[in-house]
Amino acid sequence: MARSPLLDLASQVLYPNYGPRDLVLDRGEGSVVWDTDGRRYVDFGAGIAVSTLGHAHPRLTAAIATQAGRLIHQSNLFLSEPNIRLAHKLCELTSMDRAFFCNSGTEANEAALKLARRYFFDRGETERYRIISFDGSFHGRTLGALSVTGQAKYTQGFGPTPGTTKVPFGDLGAVERALGSDVAAIITEPIQGEGGVHIAPPGFLEGLRQLADRLGSLLIIDEIQTGAGRTGSFLYSQSRGVQADVITMAKALGGGVPIGVLLCPATYENALPPGSHGTTFGGNPLASAAALAVLDVLDEDCLLDRAKTLGEQMAARFEQLIAKHSIAVAQRGLGLLRALVLADGASPKEVMTALRDAGLLVLLGGADALRFAPALTTTDAELNEGFVILDRVLGELST
Ligand SMILES: *Cc1c(COP(=O)(O)O)cnc(C)c1O
């Protein structure tokens, strides 16, 4: 097939910070997308765990179009009804009192770190600023969010990150040894997503809660990838019975429209007073209307239950693939956030590319696995179609 002239233009004008890309996507419907040459792909990545209602969901599309015809943006000099209603709903869903809105996961974590430091500063504890985070974590790419990210491939070359300590994920003893009266917060993902879908071991989140309480530090739980129903509960930490001091969400919340949010109890409502933090686009009515539509559909179509059921189906299908193909050796994950671990020596990137060429889009899950984060609206037929491709390609690659 002739190479699209768009690819040549892209290679001339786009900053090459992302890996080479040669697929130009054009449109989608449910868990299927088409490229500009009309080729069809089953989408098990959902734009990195974002397009939680699939593509072109009629309720989401209509909510965005209606809001765009009324008011897209008004700045934080003014209020808007969709934003107030969204804040109310999110506080109810997470048992929090206050919502601060921004435009991405990174920004939500940035706000959380600033909140933790400023909270203690205002109480006269000016030496309490250290943040504990975990090896293998991913919290975003601004210098602040990066400073608590525990993977060299993201942090290398961007300078020292004073005031932060990284300890092994799942190791409560290491957290205890790292704690001191200078620790403002512990930040963790409840399931490490970018790191390869590693679930916090039993007792870990509960233990962090206890350690944070003992030292008076904040516990920030980053639910950016796990939140909004992906694991079968609205927040994964809720299913473990752990209440964070600060929750951050983004990715799936807007169904594809950029939005991030920090949620906290009233205790911390004065930590970031007027002027201390903000963002031009944060909480705009367009993104808020989109997120409200996502929350409505999650509720009305019982998509949290669907995430559980679909997830169990995926786990059973993975088990079959592992039994059948030597290249697949294990699985990890929960609900619709899953990883299929490949045999030593197999390159997840090459397998991902082979799957793409065969019509299935998946994600990388750390160094050893493929990651799957399909839409919560994925139909049985779409799921089956994806697994048929997976079965065939893994068979071809298992020698
Ligand atoms: C994706 C992600 C982020 C960063 O979100 P962006 O919207 O890319 O800034 C932070 N934390 C976790 C757990 C993520 O998965």
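Just so you know, all these numbers are worked out from the coordinates, no wet-lab data involved. Not measured: the values here are computed from a predicted model. Note: ideal-geometry Cβ built from the backbone for every residue, glycine included; neighbour counts use all protein chains shown.
So if I place +1 on the C-beta of Lys and Arg and -1 on the C-beta of Asp and Glu, and nothing else carries charge, what would the dipole magnitude of region 146-240 be about its Cα centre? I want it in debye, nearest 20.
On the way: 7 positive and 9 negative charges, 17 e Å.
For this selection, approximately 80 debye.
Using the C-alpha atoms of region 156-253, what convex hull volume per residue, in cubic angstrom, is computed? All intermediate terms of the calculation are to be shown ahead of the outcome.
Details: hull volume 10.8 nm³, N = 98.
Enclosed volume per residue, from the Cα hull, is 111 Å³.
Of the options LEU208, LEU262, GLY196, report the single residue whose Cα projects farthest towards the positive end of the charge dipole of region 173-323 (beta-carbon charges: Lys, Arg +1; Asp, Glu -1).
Checked the options; the winner is GLY196.
Could you size up the charge dipole of the chain around its Cα centre, putting +1 on the beta carbon of Lys and Arg and -1 on that of Asp and Glu, and report it in debye to the nearest 20? Walk me through the numbers on the way to the answer.
Working: 35 positive and 43 negative charges, 96 e Å.
That gives a dipole near 460 debye.
Subtracting the Cα-Cα distance from 0.36 nm times the residue separation, let me have the gained length for ARG59 to GLU92 in nm, one decimal. Kindly include the intermediate steps, with their values, before the conclusion.
Values: separation 33, 0.36 × 33 = 11.88 nm, distance 2.21 nm.
Residue separation times 0.36 nm, minus the Cα-Cα distance, leaves 9.7 nm.
What's the extension gain from ALA68 to GLN156 if we count 0.36 nm per residue and subtract their Cα-Cα distance?
This chain segment gains 27.6 nm when fully extended.
Could you tell me whether region 1-151 comes out rounded, prolate or oblate from its Cα gyration tensor? Rule is a ≥ b ≥ c as square roots of the eigenvalues, rounded for a/c under 1.5, then prolate if a/b exceeds b/c, otherwise oblate. Before the final figure, lay out the partial values.
Details: a/c = 2.36, a/b = 1.45, b/c = 1.62.
Oblate, since a/c reaches 1.5 and b/c is not below a/b.
Per residue of the chain, what 222 nm ellipticity follows from adding -39500 (n - 2.57) for every DSSP H run with n ≥ 4, rounded to the nearest 500? Before the final figure, lay out each step's value.
Details: 14 runs with 154 residues, N = 399.
That calculation yields -11500 deg cm²/dmol at 222 nm.
Please report how far the C-alpha centroid of region 340-399 lies from that of region 45-113, rounded to the nearest whole angstrom.
Their Cα centres are 30 Å away from one another.
For region 265-320, run through the GluC sites (Glu not before Pro) and keep only the ones in DSSP coil with at most 15 other Cβ atoms within 10 Å of their Cβ.
GLU269
Sorted by mean Cβ packing within 10 Å, highest first, what order do the peptides 218-225, 335-342 take?
Values: 218-225: 28.0, 335-342: 25.1.
Taking the mean over residues of other Cβ atoms within 10 Å, the ranking is 218-225, 335-342.
Between ARG141 and LEU7, what's the calculated FRET efficiency when r is the beta-carbon distance and R0 is 25 Å? Round to 0.05. Display every interim value, and only then the final one.
On the way: r = 26 Å, r/R0 = 1.03.
The calculated FRET efficiency here is 0.45.
As an exercise, use a Förster radius of 56 Å and the Cβ-Cβ distance of ILE84 and GLU396 to find the FRET efficiency, rounded to the nearest 0.05. The partial results should precede the final answer.
Numbers: r = 54 Å, r/R0 = 0.96.
Once the sixth-power term is evaluated, E becomes 0.55.
Calculate, in nm to one decimal, what VAL24 and ALA367 gain on full extension: separation in residues at 0.36 nm each, minus their alpha carbon distance. The partial results should precede the final answer.
Numbers: separation 343, 0.36 × 343 = 123.48 nm, distance 2.57 nm.
Net length gain for the segment: 120.9 nm.
Can you find, among TRP34, LEU14, ALA56, the residue farthest towards the positive end of the dipole of region 1-63? Put +1 on the C-beta of Lys and Arg, -1 on that of Asp and Glu.
Farthest towards the positive pole: ALA56.
For region 95-147, with only Lys/Arg (+1) and Asp/Glu (-1) charged at the beta-carbon, what is the dipole magnitude about the Cα centre, in debye rounded to 20? Provide the component values of the computation, followed by the final result.
On the way: 8 positive and 7 negative charges, 18 e Å.
Using Cβ point charges on Lys, Arg, Asp and Glu, region 95-147 gives about 80 debye.
Kindly provide the chymotrypsin sites (Phe, Trp or Tyr not before Pro) of region 136-199 that DSSP labels as loop, not H, G, I, E or B, and whose Cβ sees at most 13 other Cβ atoms within 10 Å.
Numbers: sites: PHE138, TYR154, PHE158, PHE169; in loops: PHE138, PHE158, PHE169.
Hits after loop and neighbour filter: PHE158.
Write down the percent of antiparallel bridges among all DSSP beta bridges whose residues are both part of the chain, to the nearest 5. Show your work: numbers first, answer last.
Details: 31 of 47 bridges.
Once the DSSP bridges in the chain are tallied, antiparallel ones form about 65 percent.
Relative contact order, percent, of the chain when contacts are C-alpha pairs under 8 Å separated by at least 6 residues?
In percent, rounded to a whole number, it is 23.
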